[in-house]
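Heads up, the thing below is written out as structure tokens.
What follows draws every value from the coordinates through simple rules; no lab data is involved. For clarity, every value in this text was computed on a predicted model and none was experimentally measured. Quick reminder, even Gly has a Cβ in these numbers, built from the backbone with ideal geometry, and neighbours come from all protein chains shown.
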Amino acid sequence: MKIIIATTPAPGHVNPMLGIARILLADGHEVVAFTGSAFRDRINSIGAAFRPIPASADQDVVDPFAKYPELKSLPPGLELLRVTKERLFVDHMLVQHEGLQQLLREVPADMVMGDEYFLGLLPMLLGPRSKRPPIVCFGTTILHWPRTDGAPELLGLPPAAAPAQREKYAAIAQEHERVVNQPLAHRLNQCLEEIGVKSLPRPPFEAMVELADAYLQLTVPSFEFPRPAPASVQFVGTPPIMPKQAPLPPWADELDGRRKVVLVTQGTVANHDFNRLVTPTLVGLADERDLLVVVTAGGRPVDTIPGPIPANARLTSYLPFEWILSKADVFVTNGGYGSVNQAMSFGVPLVCAGLTEDKADVNARVGWSGVGINLETSTPTPQVLREAVRAVLDTERYRARASLMAKEFQRIDTRGEILRAIKRVSQNGADRPSRAALLSAK
């Protein structure tokens, strides 16, 4: 089949897309990736074709907020959450949609895939099923679906344990609806009205889950808060890490098992200030002689990491992730969804400290599932980090829970599940009514 994969132009979305694309290519499918220009070389390197999204919907990979200074000035809270969703996703919907329609005229694809934040798919999902190819979405972060305890997403709220907590969540959800959901729906539905498409039946990211012909959640069930989900949802594990994306560091032979290895990263987006997590981890673990602290700077030069650098630290700009995860005893991270799932698939327990983007909700799941410690802050102190790392290393339950999670990943044949979902959706036929049509008929 000829498959277009439309992807939000950010590493946390493109990286899993590349993993899925490699599976499809190895199975003999033709893949056209529709995303940001910064990823052209990586896409071409795996044998896929590249088509750039319109420039106005592209973004700076190093500083994704560069075009939106208000995102840097607003304080954390619901208003920032709303504006972030508007600027980065809703406001790009029509341009993404128009670009995708043009690409489909040039490349008559048998199927379109996309991550859940690529809202340019929504007009197609809301239209007649007979006028579009099958659409498969993949979830690059937490599952966007209502929780049984009523808590809104992206606020890092763990499952309610008592009626009083449910009452608290109800009040938070009411404010979230007023400040975030309602203005967002109004803005998005105005855009849909411009192109003659009906209003959304629910919030946009939930709609992506429900309306897609298949929705591939890139994790395992035990890492998601339990609740009923639409029939479209399928847990498929995490795509295999692309091998040899970086060379081994010159100090690779030091990871010989004599010292426990602590892997530290702030990812590729929230790494503009290493004083938030990397530096306090280095300071906190500087006197732990039984530990080797390995820091990857997410592509930035290592000399941007403030010194002094302790004797037990090893720094590098990039690392081959499949190699370092096989060596790591604990992973200190701000909570990127992809890297957290990859660490769990290797059975590596975690210490998480991050509240930006989706990280509060990812880290809440780390704490809830028992695979690590959620510090519930973006700025932990060296002492807090040292105590958390030592607790994870010295307490059996974290390693045991991480090992069980790894076995759950191993039980899922990610490649097979993705290919079976593709085949199943492609065989459903264009005459099948869309979920949007069924919803509107109720």
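For the chain, what does -39500 (n - 2.57) per DSSP helix run (n ≥ 4), summed and divided by total residues, give at 222 nm, in deg cm²/dmol to the nearest 500?
Taken over the chain, the calculation gives -11500 deg cm²/dmol.
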Debye equation applied to the C-alpha atoms of segment 150-254, log10 I(q)/I(0) at 0.15 Å⁻¹: -0.88
Most mobile listed residue (ALA311, ALA286, ALA48) in the chain, GNM with C-alpha springs under 10 Å: ALA311
Rel. contact order, % - alpha carbon contacts under 8 angstrom, at least six apart, the chain: 16 percent
Over 33 Å [Cα-Cα, the chain], rounded percent: 34 percent
Relative exposure of PHE34, PHE65, judged by other C-beta atoms within 10 Å (fewest first): PHE65, PHE34
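Pairs of lysine in the chain with Cα under 16 Å and at least 8 positions apart or on different chains: total?
The result is 8.
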Calculated diffusion of segment 61-108, Stokes-Einstein form, Kirkwood radius summed over Cα pairs, 10 °C and 1.306 mPa s, µm²/s: 127 µm²/s
Choice from CYS137, CYS352, CYS191 with maximal GNM fluctuation in the chain (Cα, 10 Å cutoff): CYS191
Segment 75-92-segment 259-327 distance, computed between alpha-carbon centres (Å): 30 Å
Overall form of segment 252-410 per C-alpha gyration tensor (a/c, 1.5; a/b vs b/c): rounded
Euclidean distance between Cα centres, segment 135-194 to segment 355-387, Å: 21 Å
Point-to-point label distance, GLU417-ASP110, nm (Cα→Cβ direction, 7 Å offset): 2.4 nm
